[in-house]
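Reviewing the structure listed below.
The values are calculated or read from the model by the stated rules, or taken from the named source; none is laboratory data. Note that this is a predicted model, so its numbers are computed, not measured. Methodologically, a virtual Cβ is constructed for each residue, glycine included, from the backbone with ideal geometry; neighbour enumeration extends over all protein chains shown.
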Amino acid sequence: MRPVSGVCANLVVYTAFTDVGDTMFSLSIASGGHISTGRKSLGGTAGSVSKLNVEYFPFDVEEMNIDVDGTKKKVKQIVDEGKKVKLAMFGGSVLTQPQPLKELADIFHEIGAKVCYDAAHVAGLVAGRKFQDPLREGADVMSMSTHKTLFGPQGGCVLSFNRYAELIKKATFPSNVSNHHLHHLCGKAIAFAEFLEFGEEYASQVIKNSKALAQALYERGFQVLGEKRGFTQSHTVIVDVTKYGLGGDLEEKLEKANIILNRNLLAYDLKYDRHYQNPGGIRLGSQECTRLGMKESDMDYIAELIARVVIEGGDPERVRQDVIDFRKGFYKVHYCFESTRKAYEYIKLR
Ligand SMILES: Cc1ncc(COP(=O)(O)O)c(C=O)c1O
């Protein structure tokens with residue numbers, strides 16, 4: 001529980017299971033990977049801090065998932081080249097579908113590699129039993145943030161089996177953190193207690209909401225990725241917005257309307273010379289709206305607000321007023337022990 005963030009949790013995993021110069025498989029950033037599992041040339045933590053050689057999983061855009069056959073071939077090729085594959089890092093920052101862990105874990109185990117699942121994004125859905133279950137599907141270890149779909153304080157965590165306990169403990173303290181940082185340790189304990197009580201119900205509504213949001217955007221003309229797989233099985237919705245502009249420009253325009261989402265690189269963006277600062281996609285998440293009590297019909301209204309700005313070219317200032325009015329109905333934090341304070345009221349303390 002000591003890692004102070006998801007990146008720090010990944011560092012613990014690298015420290016425990018790899019050495020300088022080893023090879024690790026992970027998703028490229030364009031395919032939904034995170035910079036902490038990236039190459040040195042990009043400033044990625046795995047490459048530049050842990051000195052790992054990073055190979056990418058082949059990615060199937062239609063399935064929005066790792067290509068199983070392509071991965072099997074690539075693993076063989078990399079091993080034939082004489083590289084020492086010591087870790088396969090599944091998970092990622094854009095996970096709309098459960099990944100093929102069951103199909104691929106053995107391939108990595110057979111060549112002496114460990115399998116990690118970075119659940120930074122989906123930890124709450126895993127805990128709520130509504131997504132895949134990495135440690136029961138072949139992963140040896142799971143790293144995560146505690147503040148995305150898991151509604152804890154900002155922090156990190158590494159989960160594994162007793163057989164790796166000493167290795168992971170040592171890789172945590174003294175290798176990567178020395179203190180307990182008690183403020184987030186206590187916060188994590190409370191968040192987990194709340195999750196035991198409300199987690200399944202919360203995760204279930206998060207996924208219902210993201211599906212409803214994806215469908216509502218699609219019906220209004222947006223190119224939501226992953227259509228073949230029902231758009232999303234997680235909290236994340238990813239949209240190709242190139243019909244209307246670029247992700248960075250639209251992110252800023254939507255922010256003026258008080259709608260917060262992020263620009264996102266799409267798997268095929270680099271082919272079209274699009275850059276991470278102004279890529280072809282936007283990424284939306286239903287986890288925070290769900291915490292505030294929103295349901296499927298509210299997702300439909302949110303899609304309408306987004307369409308007014310992006311498709312109809314409406315004035316963001318006018319949409320902003322409608323967003324403010326809409327949000328007035330959602331000032332209570334749900335799926336947690338009772339509190340007398342309204343959501344975000346602490347901000348007024350400043
Ligand atoms: C897959 C993945 N791993 C790790 C991290 C890093 O988490 P943290 O911000 O807690 O360091 C992120 C952050 O978005 C992520 O998406």
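As for the stretch 245-252, it holds at least one residue that is surrounded by fewer than 15 Cβ atoms within 10 Å (Cβ to Cβ), of a type in the set (D, E, K, R) and assigned by TED's automatic domain parsing to the domain that holds LYS228. Picking from residues in the stretch 73-102 that are within 23 Å of the chain's Cα centre (by Cα) and of a type in the set (Gly, Ala, Ser), the one that is farthest from the ligand (Cβ to nearest atom) is ALA88.
Which residue, of LEU125, LEU135, is outside any loop (DSSP other than H, G, I, E, B) and either surrounded by fewer than 16 Cβ atoms within 10 Å (Cβ to Cβ) or more than 14 Å from the ligand (Cβ to nearest atom) (or both)? So that I can check it myself, show each step before the final result.
Values: LEU125 fails: either surrounded by fewer than 16 Cβ atoms within 10 Å (Cβ to Cβ) or more than 14 Å from the ligand (Cβ to nearest atom) (or both).
Going through LEU125, LEU135 in turn, just one is outside any loop (DSSP other than H, G, I, E, B) and either surrounded by fewer than 16 Cβ atoms within 10 Å (Cβ to Cβ) or more than 14 Å from the ligand (Cβ to nearest atom) (or both): LEU135.
Quick check on HIS147: is it farther than 26 Å from GLY21 by Cα, under 20 Å from the mean Cα position of the chain (by Cα) and surrounded by fewer than 22 Cβ atoms within 10 Å (Cβ to Cβ)?
Values: farther than 26 Å from GLY21 by Cα: yes; under 20 Å from the mean Cα position of the chain (by Cα): yes; surrounded by fewer than 22 Cβ atoms within 10 Å (Cβ to Cβ): yes.
Judged against the criteria, HIS147 is a match.
The one condition from (1) assigned by TED's automatic domain parsing to the domain that holds GLU251; (2) touching a residue at least 24 places away in the same chain (Cβ under 8 Å); (3) loosely packed, with under 13 Cβ neighbours inside 10 Å that ILE306 does not meet is (3). Here ASP300 clears all of (1) in contact (Cβ under 8 Å) with a residue 24 or more places away in the chain; (2) over 18 Å from GLY221 (Cα atoms) except the condition numbered (2).
Which of the residues spanning the stretch 165-186 are surrounded by fewer than 17 Cβ atoms within 10 Å (Cβ to Cβ) and part of a helix (DSSP H, G or I)? ALA165, GLU166, LEU167, LYS169, LYS170, LEU182, HIS183, LEU185, CYS186, listed by residue number.
Quick test for you: out of ALA113, ALA120, ALA105, pick the one residue that is at pLDDT 95 or above and within 16 Å of the ligand (Cβ to nearest atom). Lay out the reasoning, then the answer.
Values: ALA113 fails: within 16 Å of the ligand (Cβ to nearest atom); ALA105 fails: within 16 Å of the ligand (Cβ to nearest atom).
The conditions single out ALA120.
Filtering the stretch 41-49 for residues that are more than 14 Å from the ligand (Cβ to nearest atom) and buried (at least 21 other Cβ atoms within 10 Å of the Cβ) leaves an empty set. For the stretch 3-19: of the residues being closer than 21 Å to HIS183 by Cα and among the small types (Gly, Ala, Ser), which is farthest from the ligand (Cβ to nearest atom)? In this case the residue turns out to be ALA9.
Would you point out which residue out of VAL310, VAL333, VAL319, VAL323 is of a type in the set (A, V, I, L, M, F, W, C) and over 26 Å from the mean Cα position of the chain (by Cα)? It would help to see each step written out before you state the result.
Numbers: VAL310 fails: over 26 Å from the mean Cα position of the chain (by Cα); VAL333 fails: over 26 Å from the mean Cα position of the chain (by Cα); VAL323 fails: over 26 Å from the mean Cα position of the chain (by Cα).
It is VAL319.
Checking every residue in the stretch 143-164 against the condition of being assigned to a helix (DSSP H, G or I) and within 22 Å of GLU288 (Cα to Cα) gives zero matches. Number of residues in the stretch 50-67 that are surrounded by fewer than 18 Cβ atoms within 10 Å (Cβ to Cβ) and either within 16 Å of the ligand (Cβ to nearest atom) or of a type in the set (A, V, I, L, M, F, W, C) (or both) equals 1. Among all residues of the stretch 261-268, there is none that is of a type in the set (Ser, Thr, Tyr) and surrounded by 17 or more Cβ atoms within 10 Å (Cβ to Cβ).
Any chance the stretch 149-162 includes a residue that's in contact with a helix residue (DSSP H, G or I) (Cβ under 7 Å, 6 or more places away or on another chain), within 24 Å of VAL61 (Cβ to Cβ) and outside the structural domain of LEU284 (by TED's automatic domain parsing)? Among the residues of the stretch 149-162, at least one is in contact with a helix residue (DSSP H, G or I) (Cβ under 7 Å, 6 or more places away or on another chain), within 24 Å of VAL61 (Cβ to Cβ) and outside the structural domain of LEU284 (by TED's automatic domain parsing), which makes the answer yes.
The condition of being over 30 Å from SER210 (Cα atoms) and within 15 Å of the ligand (Cβ to nearest atom) does not hold for SER36.
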